[in-house]
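Worksheet: one structure, shown below.
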Amino acid sequence: MSEAIIVSDSVRVPAHALEMRAVRASGPGGQNVNKVATKVDLRVDLNAIEGLAGPARERLRALTRTRLDAEGRLMVTSQATRDQGRNLEDARDKVRDLIRRALVTPKRRVATKPSTAARERRLEGKKHRAALKRARTRPGED
């Protein structure tokens, strides 16, 4: 099997957490596409990732919830090239990028209120619109 995926100094995916399968790819390739298994199907056991804190692990699960199989493993595929080795590296890069995205703590949203002037502008616009609509009616039709 391939070696571990190093994400950062403290976070890595050990080799035993990876399961790689090569399958036949779709798309262009002529006769080659029917004979050679170049598409890579990489499965990663999320529980075996070393150095990933609890909140980051939860963010990773949330990011990848549509890509999880029945056992809770992350499924990543790559058929970008006609070469199995390059597709494996592409799949490994995809896993690395997903984990990096999960490591970033999202910024807290700061609740804000509209300013007094903005509130007044909005109400002024509403009054203007109401006056326009009122002017469309025939006189004495109230």
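Restricting attention to the range 47-71, and to residues there that are aliphatic (A, V, I, L, M) and more than 12 Å from residue 102 (Cα to Cα), which single residue is most open to solvent (accessible area, probe 1.4 Å)? Step through it out loud before you land on a result.
Here is the first cut: in the range 47-71, the ones aliphatic (A, V, I, L, M) are 48-49, 52-53, 56, 60, 62-63, 68, 70.
If we keep only those that are more than 12 Å from residue 102 (Cα to Cα) too, we end up with 48-49, 68, 70.
Values: 48: 20, 49: 6, 68: 50, 70: 106 Å².
Top of the filtered list is 70.
Kindly evaluate residue 133 against the criterion of being modelled with pLDDT of 90 or more, basic (Lys, Arg), loosely packed, with under 12 Cβ neighbours inside 10 Å and outside any helix (DSSP H, G or I). Explain how you work it out, then say what you get.
Numbers: modelled with pLDDT of 90 or more: yes; basic (Lys, Arg): yes; loosely packed, with under 12 Cβ neighbours inside 10 Å: yes; outside any helix (DSSP H, G or I): no.
Against the criterion (modelled with pLDDT of 90 or more, basic (Lys, Arg), loosely packed, with under 12 Cβ neighbours inside 10 Å and outside any helix (DSSP H, G or I)), residue 133 does not qualify.
Search the range 77-104 for residues being in contact (Cβ under 8 Å) with a residue 12 or more places away in the chain and among the charged types (D, E, K, R), and hand back the single one that is surrounded by the most Cβ atoms within 10 Å (Cβ to Cβ).
92
Kindly indicate whether any position in the range 59-69 is on the phi < 0 side of the Ramachandran plot, of a type in the set (Asp, Glu) and modelled with pLDDT under 90.
Quick first cut of the range 59-69, residues on the phi < 0 side of the Ramachandran plot only: 59-69.
From the residues that got through so far, the ones that are of a type in the set (Asp, Glu) too are 69.
Narrowing further to those that are modelled with pLDDT under 90: 69.
Checked the range 59-69: at least one residue is on the phi < 0 side of the Ramachandran plot, of a type in the set (Asp, Glu) and modelled with pLDDT under 90.
With the condition kept exactly as written, say whether any residue in the range 31-43 is within 22 Å of the chain's Cα centre (by Cα), closer than 19 Å to residue 57 by Cα, loosely packed, with under 15 Cβ neighbours inside 10 Å and at pLDDT 85 or above.
no
Taking residue 97, is it in a helix (DSSP H, G or I) and either in contact with a Gly (Cβ under 9 Å, 6 or more places away or on another chain) or within 30 Å of residue 35 (Cα to Cα) (or both)? Give the steps one after another, and end with the answer.
On the way: in a helix (DSSP H, G or I): yes; either in contact with a Gly (Cβ under 9 Å, 6 or more places away or on another chain) or within 30 Å of residue 35 (Cα to Cα) (or both): no.
The answer is no for residue 97.
Among the numbered conditions (1) surrounded by 18 or more Cβ atoms within 10 Å (Cβ to Cβ); (2) of a type outside the set (S, T, N, Q); (3) modelled with pLDDT of 90 or more; (4) touching a Ser or Thr at 6+ places or on another chain (Cβ under 8 Å), tell me where residue 74 comes up short.
(3) is the only condition that residue 74 fails.
Hey, among the residues in the range 105-125 that are among the polar types (S, T, N, Q) and open to solvent by 80 Å² or more (accessible area, probe 1.4 Å), which one's nearest to residue 57 (Cα to Cα)? Steps first, please.
Within the range 105-125, the first condition is being among the polar types (S, T, N, Q), and the residues that meet it are 105, 112, 115-116.
Okay, now just the ones that are also open to solvent by 80 Å² or more (accessible area, probe 1.4 Å), so 105, 112, 116.
Values: 105: 11, 112: 30, 116: 43 Å.
Among residues in the range 105-125 that are among the polar types (S, T, N, Q) and open to solvent by 80 Å² or more (accessible area, probe 1.4 Å), the one nearest to residue 57 (Cα to Cα) is 105.
Picking from 74, 52, which residue would you name as being in contact with a helix residue (DSSP H, G or I) (Cβ under 9 Å, 6 or more places away or on another chain) and in a loop (DSSP other than H, G, I, E, B)?
Values: 74 fails: in a loop (DSSP other than H, G, I, E, B).
Testing whether each residue is in contact with a helix residue (DSSP H, G or I) (Cβ under 9 Å, 6 or more places away or on another chain) and in a loop (DSSP other than H, G, I, E, B) leaves just 52.
The values are calculated or read from the model by the stated rules, or taken from the named source; none is laboratory data. Just so you know, these numbers come straight off a predicted model, no measurement behind them. Quick reminder, even Gly has a Cβ in these numbers, built from the backbone with ideal geometry, and neighbours come from all protein chains shown. Just so you know, the surface numbers come from the protein's heavy atoms only, side chains and all, with ligands and any DNA or RNA stripped out. Shrake-Rupley method; radii C 1.70, N 1.55, O 1.52, S 1.80 Å.
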